[in-house]
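Down below is the structure, laid out as structure tokens.
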There are 6 protein chains.
Amino acid sequence: MSILPVLSDEEAGAEARAVFDDIRATRNTDFVNNFWRVLANDPALLARTWQGLKEVMAPGSIDSLVKEMIYVAVSVTNGCEYCIRSHTAAARAKGMSDHQLMELLAVVGAANETNRLVNGLQVPLDEAFLGEGAP
Amino acid sequence: MSILPVLSDEEAGAEARAVFDDIRATRNTDFVNNFWRVLANDPALLARTWQGLKEVMAPGSIDSLVKEMIYVAVSVTNGCEYCIRSHTAAARAKGMSDHQLMELLAVVGAANETNRLVNGLQVPLDEAFLGEGAP
Amino acid sequence: MSILPVLSDEEAGAEARAVFDDIRATRNTDFVNNFWRVLANDPALLARTWQGLKEVMAPGSIDSLVKEMIYVAVSVTNGCEYCIRSHTAAARAKGMSDHQLMELLAVVGAANETNRLVNGLQVPLDEAFLGEGAP
Amino acid sequence: MSILPVLSDEEAGAEARAVFDDIRATRNTDFVNNFWRVLANDPALLARTWQGLKEVMAPGSIDSLVKEMIYVAVSVTNGCEYCIRSHTAAARAKGMSDHQLMELLAVVGAANETNRLVNGLQVPLDEAFLGEGAP
Amino acid sequence: MSILPVLSDEEAGAEARAVFDDIRATRNTDFVNNFWRVLANDPALLARTWQGLKEVMAPGSIDSLVKEMIYVAVSVTNGCEYCIRSHTAAARAKGMSDHQLMELLAVVGAANETNRLVNGLQVPLDEAFLGEGAP
Amino acid sequence: MSILPVLSDEEAGAEARAVFDDIRATRNTDFVNNFWRVLANDPALLARTWQGLKEVMAPGSIDSLVKEMIYVAVSVTNGCEYCIRSHTAAARAKGMSDHQLMELLAVVGAANETNRLVNGLQVPLDEAFLGEGAP
């Protein structure tokens, strides 16, 4: 049970319905998932979040499947079930195979492990890794 | 200052030096970074960690640059500076542009944001996202 | 199913029951929620945790509704469902509107996002932000 | 040292400079902190992030000081030094006293503690905390 | 419902079944829990993960019950329900009493609390805590 | 530089000095580390935090060295440098060897890794792990 209602198209106001329509058009589907339907309780937050996500997840210098895999990596690290399931489904819809999923999770697991070995030992930065930026 | 010493080739024992040599051969460089030199205080842990990471990060059904980007995504989410800097450097060495880095970080930021919107609203799972597995 | 039993008033010992009574008196309700009933398996831990929380959450230089909102912000960041639901309910009981909840979550989402942009870019501290304290 | 350069007004392009100008106007100060100057390496990300944060942090049904305190609570939970220092400074500029800071941190600490007691005991949800939403 | 199938002995291939057999032999039980049965979708990842965990969790200079308690501490901090329940069960099977569980959780709670007090105040390192390592 | 001043014995008020004295007596040393000296800016928070930690970390059904190792495990998972360094030092003072430290970190690393494999695959709970508690 969500904390605020999951709004149907009828329950959502005009501003939220316009976002639902853009979601449908952008994704070429009739399906609007619960995340957006709960966010619709605050139409301005819904519109801003959808607009931001649409831009961030669009293919750019990183393709759209890789972006979904990065999204899954973050969600797995944070332990957000809804996010893991919805973006794993999205990655599969964009072509991720079961084997790619397993390789993705292996990297996520290894990074979470070695992050802690580094923390626990307080490994000092190699000068070679300092670079580009300033100051 | 690290919690255990950063071991030079001379200070490391034979088992650790053999791992250093495999790192050099695998990466085609003379450089062995501090992470491995601190892990060398426990040669068995060093060998196991290196062997695991070598397999996980090798190109497979996901290419090696994408794996580095996934690694960075996890490290950024966890806030591990050494890991962020070393794997951002590795991703750049494999061809990641500044613009790709920014797109990667934008996805990581958006995922961390929407993970919390989902948590805070306790969005219920859409049936469409349940699938493959059993039971 | 909890890992240790949820103790009724009858099952709890005298020390735990005294804490339950103080919870009822402090909150002006008959209801003692499961968190305290599971903690009651270790009456000393129950007493210490309740005493600490009672002091921390009492109105002081920050009012009690704002404290509940801060509590929700942490729980959302950590993804603790029980904590999110119980403290969202508490905040509502103290007057938080649905719109305030959405604004709260928007801030929590944005902070989680920008925290990672800062991590990923390793933004150097501005001198203006160093101040008050002294090592 | 940041991973991408901290851009001065001269180094930033016209699109980024326009954002810097809006930051100055909105905050009524000449100071543009490093976070924005590093984000300026991707002017579109800079503009989107600033626009979002400006809306989220503006006074609404939650006042602007409370929003800063919520931001600090998240950043402290995540351990982001830059974010902690910059938003603690912002909260102070808006009137947060040292005592309020300590009360804020006490709530953040207690929430992080009790979140883990709940996790470790797998406390079952009280029906009283299920409510509003649907389904 | 898991994201990939939970494989029975019959559904698992020969390589995965060999790992199941080693799990049974090592643990002296017929029971192979779901974690391994889902990992079996990638036999190489299954084998590597089991081999690593077998070595890490074996009694060494830290005994095997303490290792389970450390594992629980991490899982509680991360909020991973499956991990909390399975390793709490494992620790109990190795002799952890209910009172030890409560003491363990009290330490985990206090560490999560004081970690945030330290973050929020940006407490400077005492020289006394710098030591052993180099450079 | 800390966010609030590190108070010397002279700068601290009588209530805080009494806590410092109890720290010295309990630990049998003249040394009071910076964490307590910064907390001293809020004597009530200082007293409550010290009192709680003294009880939690005292030898009970879990010995005091194991408690320090659990504390380190949490701090490493959270990435709190001050906490890692101070409690690693404390564990060493209580007898933790370098090899035990490495074994501890290996468990912490493995738990962080497998927590994410479990998250990413959404492994369903085995009935065998449900038990003790009620309902």
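The values are calculated or read from the model by the stated rules, or taken from the named source; none is laboratory data. Not measured: the values here are computed from a predicted model. Because the Cβ atoms are built from the backbone with ideal geometry, glycine has one as well, and the counts that use them run over all protein chains shown.
Among the residues of segment A:88-110, those identified as out of contact with any Gly (no Cβ under 9 Å at 6 or more places or on another chain), in contact (Cβ under 8 Å) with a residue 24 or more places away in the chain and among the aliphatic types (A, V, I, L, M) are A:ALA91, A:MET96, A:VAL107. Taking the numbered list (1) within 22 Å of the chain's Cα centre (by Cα); (2) under 19 Å from B:VAL72 (Cβ atoms) in turn, A:LYS94 passes all entries but (2). Please work out if E:MET69 is in contact with a Leu (Cβ under 6 Å, 6 or more places away or on another chain), buried (at least 17 other Cβ atoms within 10 Å of the Cβ) and closer than 30 Å to E:ALA106 by Cβ. Yes, satisfied. Check whether at least one residue in segment B:116-126 is within 14 Å of chain E (Cβ to nearest Cβ), crowded, with 24+ Cβ neighbours inside 10 Å, in contact with a Gly (Cβ under 9 Å, 6 or more places away or on another chain) and among the small types (Gly, Ala, Ser), and report yes or no. Scanning segment B:116-126 turns up no residue that is within 14 Å of chain E (Cβ to nearest Cβ), crowded, with 24+ Cβ neighbours inside 10 Å, in contact with a Gly (Cβ under 9 Å, 6 or more places away or on another chain) and among the small types (Gly, Ala, Ser). A:ARG85 meets each of the listed conditions (1) more than 14 Å from the chain's Cα centre (by Cα); (2) free of Cβ contacts under 8 Å to residues at least 12 places away in the same chain; (3) not assigned by TED's automatic domain parsing to the domain that holds A:ALA12 apart from (1). Only one entry in C:ASP63, C:ASP22 is at negative phi, without any contact (Cβ under 8 Å) to a residue 40 or more places away in the chain and in the same structural domain as C:LYS94 (by TED's automatic domain parsing), namely C:ASP63. Modelled with pLDDT of 95 or more and at the interface with chain A (Cβ under 7 Å from one of its Cβ atoms): is that true of B:GLU81 in this structure? Here the answer is no, as B:GLU81 does not meet what is asked.
Return a yes/no flag: does segment C:35-48 have any residue that is at pLDDT 95 or above and either touching a Lys or Arg at 6+ places or on another chain (Cβ under 8 Å) or of a type in the set (Ser, Thr, Tyr) (or both). There is no residue in segment C:35-48 that is at pLDDT 95 or above and either touching a Lys or Arg at 6+ places or on another chain (Cβ under 8 Å) or of a type in the set (Ser, Thr, Tyr) (or both).
A count restricted to segment F:5-26 and to residues that are surrounded by 12 or more Cβ atoms within 10 Å (Cβ to Cβ) and within 21 Å of the chain's Cα centre (by Cα) stands at 9.
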